[in-house]
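Note sheet for the following structure.
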Amino acid sequence: MIIFSKVLADKATVWEALRTHNGGCERCSPDMIRFSTESKPVIMWNLTRRCNLACQHCYMDARAEGSDELTLEEGIRLIDDLAEVKVPVIIFTGGEPLMSRNFFAYAFHASEAGVRTVISTNGTLITPEIARLMKEAGIGYVGVSLDSSVAKKHDSFRGVPGAHAKALEGIRNARDAGLKTGIRITLTKDNWYEVAALMELALKERVPRFCLYHLVPTGRGAEIADKDVTPDQRRSVLKLLAEAAVELKDKEIEILTTDSPMDGAFLLEMLKGDPRRERVRELLANAGGCSTGNKVANINYRGDVHPCHFMPQVVVGNVRERPFKDIWMDNPAPELLALRGMRSNLKGACGECEYLELCGGCRQKAQYYLGDFLGEDPTCILERNSP
């Protein structure tokens, strides 16, 4: 996660993360956790495989029906385990997390256990009543996917007519209930030029966060890998976000990207000669780049634990069989240890890169395109011959 608004717009809160360098981040806001040295992972929990949409890029390959999901008792026990570990935040996701019959039971229990929670949703099921209940349950942030300012295009990408209108209605319901909301776009060749229009929509709707996700070839996303943007298109979008972060610094909106640690490296390239560059570099080095197996953990609906939600092929344990602490901290699998020590073993351009300590590339992209999770990230947009 690269929060352009905070690192470029001189907002004082960003440097709070640097002051936590020698400690944990129990008091950090959720969006600052990545920039601290907090070693306990953010948990992405796929509550269910069920989904009411059929999105082209879904990393879960979510379907209308799910099976073998954790029972309510197992889920409650998992939350208690995570609370004992003091994970910084749980991200409820899916599938569509609001299709889980246990969503509110989990949300309220997490609140009672002192665990911060947010939700990643398609937004179509957020009625005023659901929004009020999420607020009551202490959900700290509601991220809603919106991939086009044009309803027909969004509906086509999400696989269901009317999805755009319902998502927008859900955003408004969440906002009106007092929940912090955000619009999220997954970048493809079909919508990269709509980023400015979607930011304008966020401003118009008084949505305080705009988040850009990069396409990662996992699940159904692998089937549309050819729709990933070109390097020039990606650079153009990142430059737009950087400019917008400065221009809109007095507006109630923050701009960020995720699923692409190279965004930070590209940002530093843009800042050559800028007095902010070294402080930004320090912040990004604190974040540590690719967080797979370290600052993020994924638990799927069956209880399988993955180093990252984009690496479902790597299973390092199951919470039905062992507590999360044992899987992640006390007795980590060889795959986890390899990922945690990958910096010294990366190959090609990633291994030789001057930004190695703050990037490291996307390991899933290296695995998908090269068949080697230690290989270079072939989607990197740095221009190697630049001065």
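The values are calculated or read from the model by the stated rules, or taken from the named source; none is laboratory data. Quick caveat, the model's predicted, so the values are computed rather than measured. Cβ atoms come from the backbone with ideal geometry, glycine included; neighbour counts cover every protein chain shown. Each accessible area value is taken on the protein alone, full model and side chains, heavy atoms only, with ligands, DNA and RNA left out. Shrake-Rupley method; radii C 1.70, N 1.55, O 1.52, S 1.80 Å.
Quick notes
- Cβ-Cβ distances below 9 Å connect the following pairs, each with a first residue in segment 42-66 that is touching a residue at least 12 places away in the same chain (Cβ under 8 Å) and within 20 Å of Phe103 (Cα to Cα), a second residue that is among the aromatic types (Phe, Trp, Tyr) and assigned to a loop (DSSP other than H, G, I, E, B), and a separation of six or more residues or different chains: Trp45/Tyr301; Asn46/Tyr301; Leu47/Tyr301; Thr48/Tyr301; Arg49/Tyr301; Arg50/Tyr301; Met60/Tyr301; Gly66/Tyr301.
- Residue within segment 356-368 that is among the hydrophobic types (A, V, I, L, M, F, W, C), at pLDDT 95 or above and assigned to a loop (DSSP other than H, G, I, E, B) present: no
- Residue among Arg172, Arg184 that is surrounded by fewer than 20 Cβ atoms within 10 Å (Cβ to Cβ) and at pLDDT 95 or above: Arg172
- The C-beta contact set for segment 212-226 (first residue within 24 Å of Ser236 (Cα to Cα), second residue open to solvent by 10 Å² or more (accessible area, probe 1.4 Å) and basic (Lys, Arg), distance under 7 angstrom, 6+ apart or interchain) comprises Tyr213/Arg184; Leu215/Lys227.
- Given (1) at pLDDT 90 or above; (2) crowded, with 21+ Cβ neighbours inside 10 Å, index of the condition Lys272 fails: (2)
- Scanning segment 71-87 for residues that are open to solvent by 20 Å² or more (accessible area, probe 1.4 Å), part of a loop (DSSP other than H, G, I, E, B) and within 19 Å of Val118 (Cα to Cα) returns a single hit, Lys86.
- Scan of segment 88-129 for residues that are assigned to a loop (DSSP other than H, G, I, E, B), charged (D, E, K, R) and open to solvent by 10 Å² or more (accessible area, probe 1.4 Å), ordered by number: Arg101, Arg116
- Flag if Ala242 is surrounded by fewer than 17 Cβ atoms within 10 Å (Cβ to Cβ) and either of a type in the set (Phe, Trp, Tyr) or part of a helix (DSSP H, G or I) (or both): no
- Taken over segment 294-314, the criterion of being part of a loop (DSSP other than H, G, I, E, B) and of a type in the set (A, V, I, L, M, F, W, C) is satisfied by Cys308, Phe310, Met311, Val314.
To keep it simple, each residue is scored yes or no on (1) at pLDDT below 95; (2) in contact with a Leu (Cβ under 9 Å, 6 or more places away or on another chain); (3) among the basic types (Lys, Arg); (4) under 27 Å from Glu376 (Cα atoms).
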| position | (1), (2), (3), (4) |
| --- | --- |
| Thr230 | no, no, no, yes |
| Asp263 | yes, yes, no, yes |
| Pro307 | no, yes, no, yes |
| Asn318 | no, no, no, no |
| Ala333 | no, no, no, yes |
| Ala338 | yes, yes, no, yes |
| Gly341 | yes, no, no, yes |
| Asn345 | yes, yes, no, yes |
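- Of the numbered criteria (1) within 19 Å of the chain's Cα centre (by Cα); (2) modelled with pLDDT under 90, the one Lys249 fails is (1).
- Residue in segment 137-153 that is open to solvent by 40 Å² or more (accessible area, probe 1.4 Å), modelled with pLDDT of 95 or more and farther than 21 Å from Met199 by Cα present: yes
- Some residue of segment 276-290 being surrounded by 21 or more Cβ atoms within 10 Å (Cβ to Cβ), in a loop (DSSP other than H, G, I, E, B) and at pLDDT below 90: yes
- Applying the condition of being modelled with pLDDT under 75 and open to solvent by less than 50 Å² (accessible area, probe 1.4 Å) to segment 38-70 and asking which residue is nearest to the chain's Cα centre (by Cα) yields Glu38.
- Members of segment 296-335 found to be in contact (Cβ under 8 Å) with a residue 40 or more places away in the chain and either at positive phi or hydroxyl-bearing (Ser, Thr, Tyr) (or both), listed by number: Tyr301, Gly303
One line per residue, one yes/no per condition, for (1) surrounded by 21 or more Cβ atoms within 10 Å (Cβ to Cβ); (2) under 22 Å from the mean Cα position of the chain (by Cα):
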position: Ala297; (1), (2): yes, yes
position: Tyr301; (1), (2): yes, yes
position: Pro307; (1), (2): yes, yes
position: Phe324; (1), (2): yes, yes
position: Trp328; (1), (2): yes, yes
position: Pro334; (1), (2): no, no
position: Leu346; (1), (2): yes, no
position: Cys359; (1), (2): yes, yes
